[in-house]
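Enquirer: Just passing along the structure, written as structure tokens.
The values are calculated or read from the model by the stated rules, or taken from the named source; none is laboratory data. The model shown is predicted, which means the values in this text are computed figures rather than measured ones. Please note: Cβ atoms are built from the backbone with ideal geometry, for glycine as well, and neighbour counts cover all protein chains shown. Side chains are part of the model used for accessible areas, which takes the heavy atoms of the whole protein and leaves out ligands, DNA and RNA. Shrake-Rupley method; radii C 1.70, N 1.55, O 1.52, S 1.80 Å.
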Amino acid sequence: MTPEIIYCDDFVAEATTYILQQGRRALRQKGAFRLALCGGNTPRPVYEALATDPKAMDWSKVWMTFGDERCVPPDDDESNYRMAREAMLDKLPLDPDQVLRIAGEKDPDQAAREYETRLKKLAQQAGDNWYRHDLLLLGMGDDGHTASLFPNSPALSEMERWVVANYVDKFKSHRITMTYPLINRATRVCFMVNGADKKRRFEQIISGDRQFPSARVTPLSGNVTWLVRF
Ligand code: 6PG
């Protein structure tokens with residue numbers, strides 16, 4: 001499937017509109033919106049914009065997961081959960097069980113297995129073999145990583161597990177990440193890339209250069225959209 005590329009003028013406004021449109025579509029079609037959040041710096045202003053109008057969508061039917069998490073407590077400056085909580089989650093009418101936090105404070109392998117078990121239970125409750133995100137947000141690092149699927153890291157070859165602890169050599173630490181099997185079962189994946197410094201890497205990935213992990217996000221029956229501003 002050829003990816004959809006949207007070159008944004010106003011990145012935050014266009015990304016916010018896009019996410020709301022996808023959410024409303026899922027709510028219309030399924031009565032629920034399964035959204036996976038990504039971490040890093042790019043999404044923060046988008047999350048803040050999403051939280052400005054709590055009535056923009058029926059948030060009571062939105063389930064939020066995280067594509068990855070650092071191995072830190074939820075109140076750590078590095079925590080993706082903390083970033084999302086401060087930017088958006090605390091400002092929206094959400095019940096606690098609507099947000100599935102990855103327990104970065106726990107042993108990485110234990111946290112990954114627990115998260116995977118939670119997702120499998122939700123999938124089974126929905127009568128499905130897989131937890132299928134309606135919209136899975138991803139960032140892209142300048143090395144071409146996405147989620148915490150970094151070049152030359154063990155998780156790139158994981159084809160069974162849904163969530164794993166992945167040792168990232170450049171950080172000399174583990175991260176917890178969704179794997180390609182789970183990511184590629186999303187109905188729609190949306191990369192959000194904002195910054196001229198990433199244009200060259202984006203072009204390599206769009207051309208299909210599989211040395212970069214982002215290029216291996218190929219949903220089995222879903223679509224990929226790139227919201228980019230360089
Ligand atoms: C993380 C993210 C990671 C991020 C990219 C881009 O935990 O950091 O999951 O994959 O999306 O590194 O980060 P920026 O948006 O900060 O460039």
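Enquirer: What order, most packed first, do the peptides 35-46, 214-225 have when packing is the mean number of other Cβ atoms within 10 Å of each residue?
Expert: Ranked from most to least packed, the peptides come out as 35-46, 214-225.
Enquirer: Could you calculate the FRET efficiency of ASP209 with ASP76 from 1/(1 + (r/R0)^6), where r is the beta carbon distance between them and R0 is 41 Å, rounded to 0.05?
Expert: 0.75
Enquirer: Here's something else I'd like to know. What percent antiparallel are the DSSP beta bridges of the chain, to the nearest 5?
Expert: 30
Enquirer: Something else now. Which percent of the accessible area of the chain is formed by carbon and sulfur heavy atoms (probe 1.4 angstrom)?
Expert: Heavy-atom surface of the chain belonging to carbon and sulfur, 1.4 Å probe: 45 percent.
Enquirer: Share of antiparallel DSSP beta bridges in segment 161-230, in percent to the nearest 5?
Expert: 45
Enquirer: OK, next. Given the pairs LYS172/LYS198; LYS30/LYS91; LYS30/LYS170; LYS55/LYS121; LYS91/LYS120; LYS91/LYS172, which are separated by over 32 angstrom at their Cα positions?
Expert: From LYS172/LYS198; LYS30/LYS91; LYS30/LYS170; LYS55/LYS121; LYS91/LYS120; LYS91/LYS172, over 32 Å: LYS30/LYS170; LYS91/LYS172.
Enquirer: Keeping every protein chain present and rolling a 1.4 Å probe, give me the accessible area per residue for segment 1-101 in Å².
Expert: On a per-residue basis, segment 1-101 sits at 49 Å².
Enquirer: To the nearest 0.05, how large is the calculated FRET efficiency for LEU20 and ASP128 if R₀ is 25 Å and r is the Cβ-Cβ distance?
Expert: About 0.50, to the nearest 0.05.
Enquirer: Return the tail of the calculated pair distribution for the chain, meaning the percent of Cα-Cα pairs more than 27 Å apart.
Expert: Roughly 27 percent, once rounded to a whole number.
Enquirer: Separate question: I'd like to know which of ALA84, VAL193, SER207 lies farthest towards the positive end of the charge dipole of the chain, counting +1 on Cβ of Lys and Arg and -1 on Cβ of Asp and Glu.
Expert: The listed residue farthest towards the positive side: SER207.
Enquirer: Dividing the Cα radius of gyration by the Kirkwood radius, what Rg/Rh value follows for segment 101-210?
Expert: Here Rg/Rh amounts to 0.98.
Enquirer: I'd like the distance between the alpha-carbon centres of segment 162-230 and segment 1-42, rounded to an integer number of Å.
Expert: If we compute the Cα centre of each part, the gap is 15 Å.
Enquirer: In deg cm²/dmol and to the nearest 500, what is the mean residue ellipticity at 222 nm of the chain if only DSSP H runs of at least 4 residues count, each as -39500 (n - 2.57), divided by the residue total?
Expert: The helix-only estimate for the chain comes to -8500 deg cm²/dmol at 222 nm.
Enquirer: Which order do the peptides 89-98, 181-190, 71-80 come out in when sorted by mean C-beta neighbours inside 10 angstrom, highest first?
Expert: 181-190, 71-80, 89-98
Enquirer: Also, I was wondering about something else. I'd like to compare 144-155, 199-210: which one has the highest average count of other Cβ atoms within 10 Å, and what's the full order after that?
Expert: Ranking, from highest mean packing down: 144-155, 199-210.
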